[in-house]
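> Dropping the structure in here first, questions after.
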Amino acid sequence: QVQLVESGGGLVQPGGSLRLSCAASGISASIYTMGWYRQAPGKQREWVGEITSRGIITYTDSVKGRFTIARDNAKNTVYLQMNRLNPEDTAVYYCNANRGIIGHWGQGTQVTVSS
């Protein structure tokens, strides 16, 4: 049974940082493209960034220079380090594992950026 479990969300002030984790079980995250998505209230889910099985990392423009994706193969976990957060980053953040037509989603973790 495949599970992706996100953690690390919470309330943070503008300019602050959070690190999200996505712990995978039932799959080897190293052979999947592991992506982060987010969905703000009233908006569609949007792609934030991803790391491929080859270690190629890409980000959406709005987070470039602020967010960093990393993968720890030994822990089968992917991370999203988020710095210089602003209120527009408020959303539920989801982890996704994709390999061709196979895709899995986590349950999401709430990130709220507010003073």
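The values are calculated or read from the model by the stated rules, or taken from the named source; none is laboratory data. All values derive from a computational prediction rather than experimental measurement. Using ideal geometry, Cβ is built from the backbone for each residue, glycine included, and neighbour counts are taken over all protein chains shown. Please note that ligands, DNA and RNA were not included when accessible areas were found on the heavy atoms of the full protein model with its side chains. Shrake-Rupley method; radii C 1.70, N 1.55, O 1.52, S 1.80 Å.
> Could you tell me which residue of the range 31-60 is nearest to residue 110 (Cα to Cα), considering only residues that are of a type in the set (Gly, Ala, Ser) and touching a strand residue (DSSP E or B) at 6+ places or on another chain (Cβ under 7 Å)? It would help to see each step written out before you state the result.
Of the range 31-60, the ones of a type in the set (Gly, Ala, Ser) are 35, 40, 42, 49, 53, 55.
After this cut, where a residue has to be touching a strand residue (DSSP E or B) at 6+ places or on another chain (Cβ under 7 Å) as well, the list is 35, 40, 49, 53.
Working: 35: 16, 40: 10, 49: 17, 53: 26 Å.
Across the range 31-60, the extreme among qualifying residues is 40.
> Let me ask something else. Do you know which of the residues in the range 93-115 that are under 13 Å from residue 5 (Cα atoms), among the hydrophobic types (A, V, I, L, M, F, W, C) and out of contact with any helix residue (DSSP H, G or I) (no Cβ under 9 Å at 6 or more places or on another chain) is surrounded by the most Cβ atoms within 10 Å (Cβ to Cβ)?
The extreme case among them is 95.
> Inside the range 78-91, can you point out the residues that are touching a Ser or Thr at 6+ places or on another chain (Cβ under 7 Å) and either closer than 22 Å to residue 44 by Cβ or surrounded by fewer than 18 Cβ atoms within 10 Å (Cβ to Cβ) (or both)?
Residues satisfying the conditions are 81, 82, 83, 85, 87, 90.
> Restrict the check to the range 51-59 and report whether at least one residue is more than 14 Å from the chain's Cα centre (by Cα), surrounded by 13 or more Cβ atoms within 10 Å (Cβ to Cβ) and in contact (Cβ under 8 Å) with a residue 60 or more places away in the chain.
Checked against the condition, which is being more than 14 Å from the chain's Cα centre (by Cα), surrounded by 13 or more Cβ atoms within 10 Å (Cβ to Cβ) and in contact (Cβ under 8 Å) with a residue 60 or more places away in the chain, the range 51-59 yields no hits at all.
> Please go through the range 1-50 and give me each residue that is open to solvent by 60 Å² or more (accessible area, probe 1.4 Å), farther than 30 Å from residue 115 by Cβ and at pLDDT 95 or above, ordered by number.
Of everything in the range 1-50, just one residue is open to solvent by 60 Å² or more (accessible area, probe 1.4 Å), farther than 30 Å from residue 115 by Cβ and at pLDDT 95 or above, namely 3.
> What number of residues within the range 63-109 satisfy the criterion of being within 11 Å of the chain's Cα centre (by Cα), farther than 20 Å from residue 28 by Cα and polar (S, T, N, Q)?
Residues that pass the stated criteria total 3.
> Could you list all residues from the range 14-43 that are small (Gly, Ala, Ser), in contact (Cβ under 8 Å) with a residue 24 or more places away in the chain and in a loop (DSSP other than H, G, I, E, B)?
15, 16, 17, 26, 28, 40, listed by residue number.
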